[in-house]
1. For the stretch 884-902, give me each residue that is farther than 20 Å from P266 by Cβ and without any contact (Cβ under 8 Å) to a residue 12 or more places away in the chain.
2. Out of the stretch 478-497, which residues are under 18 Å from L672 (Cα atoms) and surrounded by fewer than 13 Cβ atoms within 10 Å (Cβ to Cβ)?
3. If we scan the stretch 865-881, do we find a residue that is within 30 Å of L239 (Cβ to Cβ), modelled with pLDDT of 80 or more, assigned to a helix (DSSP H, G or I) and acidic (D, E)?
4. Enumerate the strands (runs of 3 or more DSSP E) found wholly within the stretch 1-92, keeping only those where 3 or more residues are more than 17 Å from W125 (Cβ to Cβ).
5. Of all residues in the stretch 296-346 being touching a residue at least 24 places away in the same chain (Cβ under 8 Å) and not in a helix (DSSP H, G or I), which is nearest to the chain's Cα centre (by Cα)?
6. Going by the structure shown, is A830 among the small types (G, A, S) and either in contact with an Asp or Glu (Cβ under 7 Å, 6 or more places away or on another chain) or within 30 Å of T353 (Cα to Cα) (or both)?
7. Which condition breaks for E96 when tested against (1) loosely packed, with under 13 Cβ neighbours inside 10 Å; (2) more than 28 Å from the chain's Cα centre (by Cα)?
8. Sort out which residues of the stretch 295-309 are exposed (fewer than 14 other Cβ atoms within 10 Å of the Cβ) and either touching an Asp or Glu at 6+ places or on another chain (Cβ under 9 Å) or charged (D, E, K, R) (or both), and write them in order of number.
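The values are calculated or read from the model by the stated rules, or taken from the named source; none is laboratory data. Worth saying up front: this structure is predicted, and the values here are computed from it rather than measured. Cβ atoms come from the backbone with ideal geometry, glycine included; neighbour counts cover every protein chain shown.
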Amino acid sequence: MRIDRLDLMAYGPFTGKSLDLSDGNFGLHLIYGDNEAGKSVSLRALSAWLFGVPARTRDNFLHNNPQLRVGGKLRLSDGRTLEFVRRKGNKGAVLEWGGDRALDDSVLDPFLPGGIDAALFSRLWGIDHAELSAGGRELLAQSGDLGQALFSAALGSASLRGILADLKNGAEALFKPLGKKTPVNQAIARFKQARKKIRDAALSAERWERLKKDLAAASADIARTEKAIDEKSKEKSRLDRLGRVRGALAERRAALARLRELGDGPLLPEDFDEKRKTAARDLQMAREAGERARAALSRLEEESASLHVRDGILENEDSILALYRGLGAVEKNLRDRPGQDAKRRLLRGEAETLLKAARPDVSLDAADALRPLLNSKKWISGLARKRALLDQKEDQARRALKDVESLRESIKKELAGRSRRNLDLTELKTAVKSARRAGDADQRLADLEKRAFDEKAACENEFERLGRFPGTAKSLLKASMPMPETLDDFESKIDEWSEKIKEYGRKKQEIEEERKRSEQDLRALLMTSDLPAIADLEEARRRRSALWKLIKQTHIEKIDLEPDLEKEAAALASGSDLAIRYEQKVKAADHVSDQLRLAADQVAKRADLETKIDALQRRLSDIGKKIRKAEETLEIFEKKWINVWGPLGVAPGTPREMKQWLLKVEKLLARLQSADAVSRDRQNLAGEVGRLKDAISLQTARFGIFTDPEKMGLEGMILVCERRLETEEAALEKRRGLERSLKEARGRLEKTRDSLEALSTARSAWQREWTQAVEGLGLGENAHPERAMETLERLAAFFAKYDKSEELRRRIYGMDQVTKEFERRVFDFAESVGFRVRERDAGALASRLNRELTEARETRASLEKNEARRREIKEEIENADITIRNAGQALASLRDRAGVADDRDLAPAGERSRRRRLLTGEIHALERELSRNGDGLGVEALDQEARESDMDAIEGDLESVSSDLAELREKRDALRDRRRTLQNEIQAKDGAAAAADASEEAQGHLADMAQGAERYLRLRIAALILESRLESYRKKNQAPVLTRAGALFSRLTLGAYAGLRDELDDGGKPVLLGVRPDNRETPVDGMSDGARDQLYLALRLAALEQRLEKEEPIPFVADDILIAFDDRRSKKCLEVLSELALRTQVLLFTHHRRVIEAAGEIAGDTGPESGIYIHELV
């Protein structure tokens, strides 16, 4: 799959931006953008197009979420294509190209592998500078672990070591075989402690009934005491309540008495007094304000009567103002007129001088007849320039004619001195071109010879280091090695049986330690007391039964005893009477039984220990059998293992060691095959070089050049041919050039002569036009163009000054007319309004009219101001009257509310209402206090209770009740302590509760053990699976990936490293080493940071190439991975990526111009076949 086009239709800062990525088969496409140009946005847009726009995208700063659109075109290797647009959304986000119809997400299935998402795509087919650096650091942290390095590169993850370490650390944090502080270890220890508590807890029946009876009696005493306490508490509460409310009840009675003393009357509002004072104050202030306003109105009317307005002046206000404004212009004209007249006379004199210089035969009054000549100035000027141009061209043509004739003669002489040669250079060129296509064959041949020698030496050295194999390297190539599956099978079987033997040994050791502990416990138990065993009781009862059977047969049934029974009877009687001996046996059996009954616990413990010891002994026997069987099986597998290697004559080590040995063998075989391939390549190249030398030698002999192929190198022969070719081609090209130059010279000679004839015709036409143009200037038809232009310029200057003097004359006339018109208007206006004129100057008259107009306007303004003030004063008087009426009505309303007839009675009525309100509030507050302290009783109930009680004896009664209550509580506490003691004693004698608690505790610890063990197993199994996959991937891909990565690493480091090699470390684990050109090995931690980054990139590219052999190609996306590379290594990396681009599309995003320049150099060196294409984000 490849991307043909990426359309940033509306995403981030882009609108309508499209990247055409369809050039080439796949191609290396470099996408360049300066900072803030949108390089990172375009990367996110690519991911959003393929896998969906993130729910919380940060690229919606220009286009809001519903408007975001990314489109493009995908193409598969089989030619199928898909064009679609992606919008932001959870459903219907894939749209048809060119429309809004939603497509099913399944249309992408053929183009993207199943189960892939944006994160996996970035990990497998993408890399950036941060991941490259992290990969280098991860290689250092892995200490060169080969399996982890290969797997990390294939997975595209730089944190594999951390994942594996987290799994192992997480498991060890839960459980360690010898640990004590981990959660599972602690749960196991606590579970054992709980089990021990269960065993130690025992049930006893002594004193059970008596303790139960004492406990019941104590509980009954406690109940009676608590009843008495309850009664005394109620009495104490009643007395406390009376004590709390006694004062409040007395205050309430006093307040009610004072309220009754005030008598009946209306309860006035709280703001009654304030309203009364406000109304009285408003009434007084309104009366005073009315008196002041009436006095001010009288003064204002007197002032207005003394003012007189001149209506005649005000009626003509606009006319007077217009006259006054015109006065300024008239005064300015009078000031400017002398200067303007002097300037006019000066200009007229200068114009007369210029006219005499240009045309002395024309007077100033008749000069207007010359004005049309000025229209010919542009025409005459053009003709003057044309005359100069014609003179210049004619001079140039004559010089060119002379130069061309001289050149033609010199070319003829040089051609005459050169002989013509007819040589065919085609075959020589073909031979040289064929040789050049072979490249630097001499150097390649020398490199192959050195490489063949080095490979052979390295193979011999590596074969010597291999060991174990008795034959030669060639016989090793033919030897049939065991299959890896065989080694894996033997390794698993031998490890399995070895682990079983170790496990059986650990179990045997644990059982022996447990048996020793049990035997020690049994000896300690027997040492503390002489305890009979169950077997002793059985033996005593058997002897008693046997003796009773003997007595029954001899004394009751009268049966003769058999000889054996007679001997047994004699032994049982042992010299004493049979009846007495039977009585002794009965007592002995009863004694043993009594001992067993009295020490039942210890007897049971002894029996358990003996049973446990027997069971442990049997388990030891079984474990011993299993160990012997496992050792025999292991021995069989070890013999088979040795037999596997017998045909090869190899003394095998462990399967793990031999697997590593086989890896070395595989690597050696690959190197041997590589050495053979190099040798064949050297032979083929040597033959090809010989053929090319012979072909070149044959061609050079035709030109009289003799070369010895045995002594000269191919490059030297090519250089000889190329120099001869250059000489012959230069001579031929020189003659051809001279012939072309001669032909060109003849053509130029003809053109030059034609130009001279054309210039002569043009000069005649110019003379005719010039005669017509200067007619009227009085100069004649042969006048020089410069003189004609000078005359025209003088005429132009004359008319300019003459026109300005005429313009000034007209302006002065206008100024005089304005002044006369102003005087007429002023005197006419004064006469029309009957204004007495004292001045003869119109300006002074206009000024006086304006001053009198100003005075009249000021008088009119004063009258208008007084009129406005008079209206305001009248309004104040009306407002004062309204306030007086409102205040009177308010006082009347207050009198009605208080029920009084005079305003003087309002204040006492308000005071009585205030006191009544205060007493009422005080009574309500006391009643609220009584409600709070009355324990739920009402005020009347409390008052009744207080009247029925002796209030003076409350304190004495309260002290007596408190004392009785304290004694009862002390008694109850003592009884409770007695009950607790009895309960504790009963609980101590009954172990059921402790056993139940211990059992519950054990179950909890067992659950913790199970949960911790499950988590531990999950982590351990995950770590084991990951390690197994690492090892499996290493076995499967080590040889091809490591070989390819070594070649890439050598190129990326510019030959600082020749390749990569794997070796076993001290722990037998394969590690990755870099190989210097002198065959020195460098571990990963000995490389520089840049070299480690390049090693990780080589591993990634090698793994990617291997994946491309099996899967549909998917574009490889790299983001600024060359930041830390120098210029030479950057260029080499671009070459490597361009080779990868032959197999899959490569997109390299960068904002470094030097990367683009290096790519341009590669493209320039290799031409269009480089497959490198550059795109810029602008």
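1. Matches in the stretch 884-902: R885 only.
2. The answer is K478, S480.
3. Of the stretch 865-881, the ones within 30 Å of L239 (Cβ to Cβ) are none.
Taking every residue of the stretch 865-881 in turn, none turns out to be within 30 Å of L239 (Cβ to Cβ), modelled with pLDDT of 80 or more, assigned to a helix (DSSP H, G or I) and acidic (D, E).
4. 2-11, 14-20, 69-75, 81-87
5. Across the stretch 296-346, the extreme among qualifying residues is N316.
6. The answer is no for A830.
7. Here E96 meets the rest and fails (1).
8. R299, E301, E302, E303
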